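This report concerns only the one structure given below.
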Amino acid sequence: MSPLETLIAAERRRERRLLRRGALLAGLVAAASVLLLGLSGWFITAAAIAGTAGATAALAFNYMLPAAGIRLLAIVRTGARYGERLASHGAAFGALARIRPALFRALAAAPPERALALGTGEATARLVGDVDAVETRFVRLSAPWGVGAALVSGIVLALLGGIGAALATVAWLAALLVAGELLSRRLVDTGREVQRAAGTLRQEFASMADAAAELRCFALEEWAADRIDGAGRALTAAQRRQANAAAWVELLHAGAVGGAAASALLLSVAAGPAIAALAALAAAMTVDAAGPALRAMTDRGRIEEARARLDGVLAAASTEGASAAAAGAAISARPAIVFPGLPAPVPPGARLALVGRSGAGKTTLLETLLGLRTAAAGAARIDGEDVAAIAPESLRRTFAWAPQDASLIAGTVRDNLLLADPQADEATLRRALHDAALDDVVAALDRGLDGWIGENGARLSGGERRRLALARAYCAPAPWLLLDEPSEGLDAATEALVARRLTARFERTGQGLILVSHRPAMTALCDRQFDLETSRAAPLAEIAA
């Protein structure tokens, strides 16, 4: 069983009460529909015959009982359909409320290269478009029960017209389902194409939206619109091809409904016009009840493509989880770090500057320490353990990170700080803002810590966004800080203030620092540095001399 199927099976067990209710009500809808149409056909025909037979026959005909039965069946069908929709959609929404977070966790836990390479639009396509296909599957779980109930009801009514009418009804329904199955196989490729095209459109739109400022700066709005329009046209073309193919299934369905009605009518003529009408309409409604099952068949390609895309995410995450479970080397609360080329371990509380030209691998090394990149054996050792053999969770408890291109979530200052430590108290948050020289800026916001900063911190300047990311790293209760160009874009006075407060923070907390920076004011915080190009390590004062 695939990872997604395992997840869906667990949700089906969790939602079995609602799913059972939905199946029962779907069967009730189908049975009531068949009985309603059959009884209506008999009533109209019998009433017409009674009316043409003369006043005596008309007066003797019991209009009240069948009319009351028709009204009752109509009420039952309407109420049952409403209840079935509530139950099936309730089960689907309840399941999706847990499936989406599970998929999000899987995206976050995927191998680093895959997670970092997955664009916002592609992730959205999986969490929205592909999961919608899973929702469709949940909603249609009751379809087979409806077909079964309709078949039983149809056979019972058709038998009033004779065994031939009942057999014809069964034959038409079976032929429709077999033909629909064969025909729907031709729709698999078009369904997959639709799902892929929808994902491409979401990805294209998200990437262009993220680059909106640059596109406007370089007058590329029309080019971006053309890219999005092209992806939209490709999706429309795929949907049109699927609709054209699905139309044949609809035509087959309509033809089977007519064929079943005509066959039942002809085979039950001997039972009289009223019974023949009842059998014909019951047969038609029985075959018509196969509609949801046929639509599920035509959606098979779209659902299979969605499942394959989601399975890729879940399988990658489960592989990573298994690897992490196997790599469970323990490290202490204040570990020492060894880099190849360094003559001695970097002890807890030390401050090391990584230097070298652009592209030498400084940022890559920080991301490797965090477990964001797959570590090669020997890249570093922490407490004597190879970093490649340490679970990512242990690495992330050891290091707090302020990346060079930090992202902020759309929310408040507090929301962004609590990402580092959801349990952090007010004093911790305010101390982190002070240490990042951002406390005055936050105090000036309308609601302070609860001030809204917009999408990716749009209400803040570039330097303020960088300092907020720095404050977020300060909130994490980790023994080591990994800072990647923390003062880039700051003016000299602000940079000096950040450096002074960071020095005071080290003296207060005893945290260690691994720093990537080209700014002398920041590298001066460190007591040693390591050149990744030459593998030369020395005290900072010696190198400066």
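None of the figures in this text is laboratory data; all of them are computed from the coordinates on show. Everything numeric here is computed off the predicted structure, so don't read it as measured data. Glycine gets a Cβ as well: all are built from the backbone with ideal geometry, and neighbour counts include every protein chain shown.
Work out how much length residue 407 to residue 533 would gain on full extension: take 0.36 nm times their residue separation and subtract the Cα-Cα distance, in nm to one decimal. Write down the numbers at each step before the final one.
Details: separation 126, 0.36 × 126 = 45.36 nm, distance 2.89 nm.
The residue 407-residue 533 span can extend by a further 42.5 nm.
Return a whole-number percent for the relative contact order of the stretch 356-430, with Cα pairs under 8 Å and 6 or more residues apart as the contact set.
17 percent
Looking at the chain, do any whole DSSP H helices span at least 30 angstrom along their long axis by alpha carbon and average -0.5 or above on Kyte-Doolittle, and which?
Passing helices, by number: 16-52, 64-109, 163-184, 221-267, 300-326.
Indicate, rounded to the nearest 5 percent, the antiparallel portion of the DSSP beta bridges found entirely in the chain.
Of the beta bridges lying entirely in the chain, close to 40 percent run antiparallel.
May I ask you to derive the relative contact order of the stretch 162-249, considering only C-alpha pairs under 8 Å and at least 6 residues apart, and to give it as an integer percent?
It rounds to 46 percent for the stretch 162-249.
What is the set of long-range amide H partners of residue 452 at a cut-off below 5 Å, with H atoms built 1.01 Å from backbone N?
The list, which skips near neighbours in sequence, is 447.
Once fully extended, how much extra length lies between residue 100 and residue 518, figured as 0.36 nm per residue of separation less the alpha-carbon to alpha-carbon distance?
Once the chain is fully extended between residue 100 and residue 518, it gains 146.3 nm.
So how far apart, in nm, are the two label points at residue 239 and residue 182 if each is 7 Å from Cα heading toward Cβ?
The modelled label-to-label distance comes out at 3.1 nm.
How high is the relative contact order of the chain, in percent, with contacts defined as C-alpha pairs under 8 Å that are six or more residues apart?
It rounds to 16 percent for the chain.
Roughly how big is the chain's charge dipole about its Cα centre, with Cβ charges of +1 (Lys, Arg) and -1 (Asp, Glu), in debye to the nearest 20?
Computed charge dipole of the chain: roughly 1620 debye.
Loop only by DSSP, 15 or fewer other Cβ within 10 Å of the Cβ. Give me the chymotrypsin sites (Phe, Trp or Tyr not before Pro) in the stretch 208-313 that pass, ordered by residue number.
Qualifying residues, ordered by number: 218.
Find how much the distance from residue 488 to residue 332 grows on full extension, using 0.36 nm per residue of separation minus their present alpha carbon separation; answer in nm with one decimal. Mind dumping the intermediate values first?
Working: separation 156, 0.36 × 156 = 56.16 nm, distance 3.25 nm.
In short, 52.9 nm is gained.
log₁₀ I(q)/I(0) of the stretch 337-544 at q = 0.19 Å⁻¹, via Debye over equal Cα point scatterers, no solvent, to two decimals?
Debye intensities relative to I(0), on a log10 scale: -1.42.
I'd like the distance between the alpha-carbon centres of the stretch 206-234 and the stretch 479-530, rounded to an integer number of Å.
39 Å
Quick one: compute a quarter of the convex hull surface over the Cα atoms of the stretch 3-323 and quote it in nm².
Result: a mean projected hull area of 20.9 nm².
Using only DSSP helix segments of four residues or longer, with each worth -39500 (n - 2.57), what per-residue ellipticity at 222 nm results for the chain after dividing by its residue count and rounding to 500?
It comes out at -22000 deg cm²/dmol, rounded to the nearest 500.
Which cross-chain or sequence-distant (5 or more) residues have an amide H under 5 Å from the amide H of residue 401, H modelled 1.01 Å from N in plane?
Under 5 Å from the amide H of residue 401: 482.
With no solvent and one point on each alpha carbon, what is the Debye value of log10 I(q)/I(0) for the chain at q = 0.08, 0.11 Å⁻¹?
-0.72, -1.04
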